[in-house]
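Asks: The structure's right below; bear with me while I get my questions together.
The values are calculated or read from the model by the stated rules, or taken from the named source; none is laboratory data. All values derive from a computational prediction rather than experimental measurement. Virtual Cβ from ideal backbone geometry, glycine too; neighbours counted across all protein chains shown.
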Amino acid sequence: MAVANIEIDNLINHINKIDRISNKTWLKLLNKRKLDELTFHDRDRNRNFIDESKTNDNYERFYGNRKYYSTIKRSNDFVEKWIQNEAVGKIFLDYACGNGNQALLAAKNGAALSIGLDISKVSVKNALVAAKNKNIKINQKGGVCFFQADAENTKLPDCCIDTIICSGMLHHLDLSYAFPELRRILKPGGKILAVEALDYNPAIKLYRMLTPSMRTDWEKAHILSLRDIRFAKRFFYVEKIHYWHITAYIGGKFPFLFPVFDFIDKIFENIPYLQRMAWIFTFVLRKK
């Protein structure tokens, strides 16, 4: 069913009202955990800080894990295809959007309206710049809306979103607040694709322990497990769990080995229990 123009206009007006709340007022609503997340991600996505870290030899300390992202093409392709299929004609939300890449992809693939929210003001600014550079409309039907917000208390209206992407961000949140909030804003029958790291592989757990500057204390302690999937079932139907990249991340350190490990992973990812050694898993949540 097509989304009515008035529904889109009303939602854009509502988001503009949220966005007009002064930063000082908005910050008073955040507890220490959330302020720590905001501070970390403002720094982490600050392009000047990234450039400076390259010149003062701190890049490996803060961003050394990025070399491993080159090994997750198959799961990235899966996520992009899902967005391309599920965003068309829908009100789409990139939940904790970072620099807005998923929201921009949804807009380019026919979303009726693509929304991105993030706790980091720097992230929202980056996303708006990216939208302008890609000539994507801002605050208009068929375009994007980006705004700063608390993902656990978005201030969005009830049942206003058709499709949501949660990409690598649920472990930054308290799920006892995030899951009810996601259910509240999602329309009946609406879908969420979650893309998360998995907390079983001992080598990956050790790497996280040895690289504390790359993540917040809350994040380190709340990487998702299957226990969180069981908790999600209190709020949603959980569907289509898929495990990705059990060994291929080694190719981030030794690129010449990547094709071999990626081929092996296509087998390993389908073996029960061994699947749990995956770096990443994806699953769909559907509103009951």
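Asks: I need a count of the residues in the stretch 187-206 that are free of Cβ contacts under 8 Å to residues at least 40 places away in the same chain and either outside any helix (DSSP H, G or I) or not basic (K, R) (or both).
Replies: Total meeting the criteria: 4.
Conditions (1) within 30 Å of D162 (Cα to Cα); (2) outside any helix (DSSP H, G or I), marked per residue:
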position	(1), (2)
I250	no, no
F256	no, no
P259	no, no
I264	no, no
I267	no, no
I271	no, yes
Q275	no, no
T282	yes, yes
R286	yes, yes
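Asks: Tell me which residues, restricted to the stretch 152-167, are farther than 18 Å from F231 by Cα and assigned to a loop (DSSP other than H, G, I, E, B).
Replies: The answer is T154, K155, L156, P157, D158, C159, C160.
Asks: Right, another one. Could you run through the stretch 226-245 and say how many residues are assigned to a loop (DSSP other than H, G, I, E, B), in contact (Cβ under 8 Å) with a residue 40 or more places away in the chain and either more than 16 Å from V195 (Cβ to Cβ) or basic (K, R) (or both)? Break it down into steps so the answer makes sense when it comes.
Replies: As a first pass, look at the stretch 226-245 and keep what is assigned to a loop (DSSP other than H, G, I, E, B): 233-235, 245.
With in contact (Cβ under 8 Å) with a residue 40 or more places away in the chain added as a condition, the list becomes 234-235, 245.
Subset that is either more than 16 Å from V195 (Cβ to Cβ) or basic (K, R) (or both): 234-235.
Qualifying residue count for the region: 2.
Asks: When the stretch 105-121 is examined, which residues are found to be within 22 Å of D9 (Cβ to Cβ) and without any contact (Cβ under 8 Å) to a residue 60 or more places away in the chain?
Replies: Those that are within 22 Å of D9 (Cβ to Cβ) and without any contact (Cβ under 8 Å) to a residue 60 or more places away in the chain: A106, A107, K108, N109, G110, A111, S114, G116, L117.
Listed here are the residues, each with its yes/no results for (1) among the acidic types (D, E); (2) modelled with pLDDT of 95 or more; (3) touching a helix residue (DSSP H, G or I) at 6+ places or on another chain (Cβ under 8 Å).
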| site | (1), (2), (3) |
| --- | --- |
| Q102 | no, yes, yes |
| N109 | no, yes, yes |
| A112 | no, yes, yes |
| D118 | yes, yes, yes |
| N126 | no, yes, yes |
| N133 | no, yes, no |
| Q140 | no, no, yes |
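Asks: Oh, and also: Count, please, the residues in the stretch 1-27 that happen to be at pLDDT below 85 and assigned to a helix (DSSP H, G or I).
Replies: The number of residues fulfilling the criteria is 6.
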